[in-house]
1. Quick check on my filter: what residues within segment 51-87 are polar (S, T, N, Q) and surrounded by 16 or more Cβ atoms within 10 Å (Cβ to Cβ)?
2. Looking only at segment 88-116, which residues are within 15 Å of TYR48 (Cβ to Cβ), in contact with a Pro (Cβ under 9 Å, 6 or more places away or on another chain) and surrounded by 15 or more Cβ atoms within 10 Å (Cβ to Cβ)?
3. Starting from residues that are modelled with pLDDT of 85 or more and in contact with a Ser or Thr (Cβ under 7 Å, 6 or more places away or on another chain), keep the ones in segment 105-118 and report whichever is nearest to ASP142 (Cα to Cα).
4. Taking into account only those residues within segment 1-10 that are over 10 Å from the mean Cα position of the chain (by Cα) and modelled with pLDDT of 95 or more, which is surrounded by the fewest Cβ atoms within 10 Å (Cβ to Cβ)?
5. What pairs come up if the first residue lies in segment 130-147 and is of a type in the set (S, T, N, Q) and surrounded by 13 or more Cβ atoms within 10 Å (Cβ to Cβ), the second is part of a helix (DSSP H, G or I) and modelled with pLDDT of 95 or more, and their beta carbons are under 7 Å apart, counting only those six or more places apart or on different chains?
6. For segment 11-52, what are the residues that are part of a strand (DSSP E or B), touching a Phe, Trp or Tyr at 6+ places or on another chain (Cβ under 7 Å) and either among the β-branched types (Val, Ile, Thr) or more than 23 Å from LEU132 (Cα to Cα) (or both)?
7. If you go through segment 149-172 one residue at a time, do you hit one that is over 18 Å from the mean Cα position of the chain (by Cα), exposed (fewer than 14 other Cβ atoms within 10 Å of the Cβ), under 24 Å from GLU14 (Cβ atoms) and at pLDDT below 85?
8. Tell me, which residue of segment 11-48 that is among the hydroxyl-bearing types (Ser, Thr, Tyr) and touching a Ser or Thr at 6+ places or on another chain (Cβ under 9 Å) is surrounded by the most Cβ atoms within 10 Å (Cβ to Cβ)?
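The values are calculated or read from the model by the stated rules, or taken from the named source; none is laboratory data. Just so you know, these numbers come straight off a predicted model, no measurement behind them. Methodologically, a virtual Cβ is constructed for each residue, glycine included, from the backbone with ideal geometry; neighbour enumeration extends over all protein chains shown.
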Amino acid sequence: MTAQISDTFIFKGEQYSLIGMEGGDLISPEHFGMHPEMLHTACYRGFYATYELTEKELYLRELTLCEKDGNYLPINGVLPEKENHQASYHNLSILLPFTGRIRLAKDFIQDLYTHMGFQKPTAFRTVYDITLENSRVIELKDRSRDMEKKRGAFRRYYRRLIQAIQREDEVSKAFSLAMDKK
């Protein structure tokens, strides 16, 4: 169980983490004829991206991936920089016609870090829900206060879950006839 690398959004000149999405899909390596595989335990899906959201449009700016066959194709004429078992595409300018809602966050609270999946919105001080139609922002809602009120709820749930798993393991040991190997 490892925390996952989130996609990055440049919005109003600042960097945000993508922590939620609904209604549509962003880009993936399959759009460019490549097939990602796990990059490492912090990137099970095999890729991560940087986007830029302007007042009028949404662009893919960077893409890092591990292509399962090592077949790194040019993206809009841009060749990747290869390093070990991954490649990164920089200086992309691909307009995305996204329609849906995204949740962006920044100012992560390190004490609320969860070592599993993507970080939850309550672990950030600044959270926005942004509704887009063909990449145009049609609604921007500041959810920071809502998340502050719920702060720590997922962390408490996660801790209870881990404790339950550990207790279950201890119960299994109590009912086991396995012999010590000492």
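1. Here is the first cut: in segment 51-87, the ones polar (S, T, N, Q) are 54, 64, 71, 76, 84, 86.
Within segment 51-87, THR64, GLN86 meet the criteria.
2. Within segment 88-116, SER88, TYR89 meet the criteria.
3. ALA105
4. Taking segment 1-10 and keeping what is over 10 Å from the mean Cα position of the chain (by Cα), we get 1-2, 9-10.
Retained after the next criterion (residues that are modelled with pLDDT of 95 or more): 9-10.
Numbers: PHE9: 25, ILE10: 16.
Across segment 1-10, the extreme among qualifying residues is ILE10.
5. none
6. Answer for segment 11-52, where residues must be part of a strand (DSSP E or B), touching a Phe, Trp or Tyr at 6+ places or on another chain (Cβ under 7 Å) and either among the β-branched types (Val, Ile, Thr) or more than 23 Å from LEU132 (Cα to Cα) (or both): ILE19, PRO36.
7. yes
8. Within segment 11-48, the first condition is being among the hydroxyl-bearing types (Ser, Thr, Tyr), and the residues that meet it are 16-17, 28, 41, 44, 48.
Filter once more, so that each one left must be touching a Ser or Thr at 6+ places or on another chain (Cβ under 9 Å): 16-17, 41, 44, 48.
Working: TYR16: 25, SER17: 21, THR41: 10, TYR44: 14, TYR48: 20.
My answer is TYR16.
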